[in-house]
Each structure stands twice: as C-alpha cells, then as structure tokens.
1. Tell me whether the stretch 45-59 contains one or more residues that are out of contact with any His (no Cβ under 9 Å at 6 or more places or on another chain), of a type in the set (Ser, Thr, Tyr) and in contact (Cβ under 8 Å) with a residue 60 or more places away in the chain.
2. Inspect the stretch 297-310 for any residue being at negative phi, modelled with pLDDT of 95 or more and surrounded by fewer than 15 Cβ atoms within 10 Å (Cβ to Cβ) and give the result as yes or no.
3. What residue, among those in the stretch 68-90 that are assigned to a loop (DSSP other than H, G, I, E, B) and surrounded by fewer than 19 Cβ atoms within 10 Å (Cβ to Cβ), is modelled with the lowest pLDDT?
4. Would you tally the residues in the stretch 18-27 being under 21 Å from the mean Cα position of the chain (by Cα) and touching a residue at least 60 places away in the same chain (Cβ under 8 Å)?
5. Condition check: buried (at least 21 other Cβ atoms within 10 Å of the Cβ), at pLDDT 95 or above and within 24 Å of THR188 (Cα to Cα). Does LEU252 satisfy that?
6. Can you find, within the stretch 275-288, the residue that is farthest from the chain's Cα centre (by Cα) among those that are buried (at least 20 other Cβ atoms within 10 Å of the Cβ) and not polar (S, T, N, Q)?
7. Go through ARG160, ARG155, ARG175 for me and flag whichever is out of contact with any Leu (no Cβ under 6 Å at 6 or more places or on another chain), among the basic types (Lys, Arg) and not in a loop (DSSP other than H, G, I, E, B).
8. Please tell me if LEU93 is under 21 Å from ALA135 (Cβ atoms), at pLDDT 95 or above and of a type in the set (A, V, I, L, M).
Amino acid sequence: MKLDFSEILRSDPVPFLLKKVPPYLKYHIYSELFEIPTDVPMVRDAMEQAQSDDVFRRLLKRQNDDGLWEPKQEFAQEQHQLGIQFFSQALMLHRLLELGGTREIPAIQKGIVALMKMQHGDGKFPLFYQHQGYALWVLLRYGLQGNPFVDRGLRWLLRRQRDDGGWLHLVQVPRGEDKEKYPSCIWTTCHALWPMTLHNVYYKDEPVQKGVEFLLDHFLDTNHTKFFNTPDAWDYLYLGHDESGCFRGGTLKVLEIASQTGFDRSNDVIKKASNWLRDQQLENGLFPAIAGKDSNGDYMVTIRMLQVLKRLYPETIVEE
C-alpha cells in the first residue's frame, strides 16, 4: 500500500517518522499503517529489533511464573487486590504490545492466559465497564478474534448498554439521583465501544452503531460523571500505559471508533472533528499529545492520526 498525506495535511509526516522513530514504531507503521505482512523482511526486521530492545526484555523478565506481573500497589482486601492485579496485567500487556510484542512470545502468551483467568463465568472482568472494555481491546489487539473469553466479555458489556445508546456504571450515579434518568457517561461509553470496533462482527451491529451515535451527539460536551469531567478532556489525544492515560485519547479516540464502524465525513460531527484534528498538526509535521499544550509532538499519536485519516480520506491511498 502506498500512502500520500500531502494533499490533506500541511506536510506528510511519514518520511520524518521513518527517519526518526525507534524500531518498535517502525514496526507499527509498516504493519498497521501500510498493512505490510509481517513476513516481509523489513517488517520482520523491525519487529525483531523491537523485541531485542533492553526495555522490552526487562519487562518480560519481571513476569512471575504464573504469568502475572506484580502490581505497583498492594491492598489488604482480596477483592481490591484482584482488581488492581487485573488492571496492572492489562496495562503491562498493552505496553508490551506497543513495544512490538506479539502473542507468539511465550511470556506474552502466559500473560494473556493469566488475564483471561480473571474473568468470571458470566464474562465480567474485575472493576468497572471502562476497565472491561480496555482489557478486551488489549486482547483483540493481540489478534484474539473469536476467542470465547473475549466474545463472552463483549456480550456481557453489550447487555449493559442503556436505551440512549451509552453506558453508565452504577457507581457513577451521584447519591440522590435516579439512575434510570441520569445521563450515560461519555467516556465510559467510549471505552465500552472501543473493543467492539476491532471485532469482525460486532463493529457493524445496531447496538454499536447506536453507541457511536451517542458519542457523536455528545461531541465536545463536558461529561456528567466524574470520569474526565472537564471540557479539555477532548484535547488529550495520547494513549498511555498508566491508570489514567490508558483512558485518554479524546477526540482522536472517538474518531478511531467512529471511522472503524462505518462512519465517514458525510457526518457533520466527523467532518468537524477531523478538520479540527488536521489543524493541530505542528510545524515539524507531528501531532501533539495534548492539543494546545504540546509543541514537540508525539510519535504514536501521529501514527494513530494517520490511520484515522487513511480511513476518512480514501484519496490518501494512492496505490493498494
């Protein structure tokens, strides 16, 4: 696949990225942005270099024999400890994924199995809806399409969708408010939908389409719950590997979800959001981690942005 972003951006950041980024990001550019098979030598070389990196190897060595990584916090209550262990496991698997990890690596296989063992029989993972969505997104990013644990977890989430198309966890409803009438949470909805965009069946189903419409109807709104309830939540474009950063992404994450579920620039909100994001490009060609607060740019945000633009602007694909 050949791509050219020069017609829709001030400058095409791809040449700059390929010259500057470390091997693990080259691997993402080749395999995800350009969709080059992993058995092609330059993709395989980038992956092997990424997996030979000292940071990557050190993270793998920290794994216990049972496949778990030790969480940073300890809690006396078993229920709280299980929740923090679950979340820490998902965060570590996400970090390894970004650094070039694949499920073919034995330690990552063990880590995935250890994570799935924390699922209850009905499909629920510990903690809240957004944590469920995050863990399922990580598992699907490792290519676990059709896995019974993943499918059971997605069905559990779908059963909790509300009539307005969104999601709202009971703990997010303020004391004294009627939970049936309280508006759904924007960012909980975002993360409930997130894994479904990667599923080869659910992404086009009516409940997912209804959920995306809820997000677009509330574009730029301040959230009603305490989950990122400031207006600038939409400006945080980066995706981190910590307890808060993994739920960031703002406008870019919503566009990632919408563009993977069949929505395009014929939708006025998509058009407005994509134009705003294009305007955030910095002088060096990169896109910022936080709009208006980052003058250096972020490599991974830029790569994610280009993937969205490729879907929303088919003219960027100059050769299949």
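1. no
2. no
3. Per the criteria, the residue is ALA76.
4. First, pick out the residues of the stretch 18-27 that are under 21 Å from the mean Cα position of the chain (by Cα): 21-27.
Subsequent filtering for residues that are touching a residue at least 60 places away in the same chain (Cβ under 8 Å) retains 21, 23-25, 27.
Number of matching residues: 5.
5. Yes: the conditions hold for LEU252.
6. Residue satisfying both the conditions and the ranking: LEU286.
7. ARG155
8. Working: under 21 Å from ALA135 (Cβ atoms): yes; at pLDDT 95 or above: yes; of a type in the set (A, V, I, L, M): yes.
Yes; evaluated as a whole, the condition is true for this residue.
The values are calculated or read from the model by the stated rules, or taken from the named source; none is laboratory data. Bear in mind that the values here come from a model prediction, so they are computed numbers and not experimental data. All Cβ positions, glycine included, derive from the backbone under ideal geometry; neighbour counts span all protein chains shown.
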